[in-house]
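Let me begin by presenting the structure, written as structure tokens, before commenting on it.
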Amino acid sequence: MKPRKTWAEKLADSKGLPKVEKITGRLSKKWGEGTDVVPAPKEVDALMKKVPRGRLTTINELRAKLAKKHGATICCPITTGIFAWIAAHAADEAERAGAENITPYWRTLKEGGEINTKYPGGIENLKARLEAEGHRVVTKGKRYFVESLATKK
């Protein structure tokens, strides 16, 4: 049986990415005309690493930066989300191994300031990290948001 890849190995595996393609077929109905970029995992991680303490970003802001970097109309939302998730788990893996300078994954939120509860440690870990940096976390039903971004769309 093949050994399972570590999160760091998954993050490093670019699989020939980034790739810019013309938007065609079913995707053109959803995204319109132009091009889309499928970023490399390391590109998503690199942008997440740039978010300083006390500041936040969203997946959509990362997508906009990646689309601009590659001269594309849009950046694939699915792969960007998956690669952010991989970056978060790789950072958690590194932190558990003793690393101190890790990707601050808790600073990358979903649209509208929603906390991604699928990141390592779940809501308690993420809430504690965000509050330690001066953010206030609020609940809306079963979802968690950073208050300062909760009303932005």
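The values are calculated or read from the model by the stated rules, or taken from the named source; none is laboratory data. Predicted model, so just to flag it, every value in this text is computed and none were measured. Cβ: placed from backbone, ideal geometry, glycine included. Neighbour counts: every protein chain shown. Note: accessible area is taken over every heavy atom of the protein model, side chains too, but ligands, DNA and RNA are not part of it. Shrake-Rupley method; radii C 1.70, N 1.55, O 1.52, S 1.80 Å.
Figures for the structure shown
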quantity: Per-q log10 I(q)/I(0), the stretch 66-121, q = 0.13, 0.24 Å⁻¹ (Debye; single scatterer per alpha-carbon; no solvent); calculated: -0.39, -0.98
quantity: Principal axis dimensions, the stretch 1-149 - Cα atoms, whole angstrom, descending; calculated: 44, 42, 28
quantity: Largest to smallest principal axis extent of the C-alpha atoms in the stretch 113-153, angstrom; calculated: 26, 21, 15
quantity: Accessible surface of the stretch 56-152 [probe 1.4 Å, protein heavy atoms]: carbon and sulfur percent; calculated: 51 percent
quantity: Dipole of the stretch 19-153, positive end: most advanced residue of Thr103, Gly141, Thr73 [Cβ charges, Cα centre]; calculated: Thr73
quantity: The stretch 7-83 - Rg (one decimal) and Dmax (whole number), Cα, Å; calculated: 12.9, 42
quantity: Pairs beyond 23 Å (Cα-Cα), from Lys42/Lys65; Lys118/Lys140; Lys65/Lys110; Lys42/Lys127; Lys118/Lys142; Lys10/Lys140; calculated: Lys42/Lys127; Lys10/Lys140
quantity: Å² of accessible area per residue within the chain, as computed with a 1.4 Å probe and no ligands counted; calculated: 61 Å²
quantity: DSSP-loop chymotrypsin sites (Phe, Trp or Tyr not before Pro) across the stretch 1-90, with at most 16 other Cβ within 10 angstrom; calculated: none
quantity: Solvent-accessible ranking of Ile59, Ile115, Ile82, largest area first, probe 1.4 Å; calculated: Ile82, Ile59, Ile115
quantity: Antiparallel bridges, percent of DSSP beta bridges restricted to the chain (to nearest 5); calculated: 70 percent
quantity: Solution diffusion estimate, µm²/s, Stokes-Einstein, the stretch 84-153, Kirkwood Rh from C-alpha pairs, 37 °C, viscosity 0.692 mPa s; calculated: 265 µm²/s
quantity: Cβ-derived FRET efficiency at R0 22 Å, Ala64 paired with Glu9, nearest 0.05; calculated: 0.20
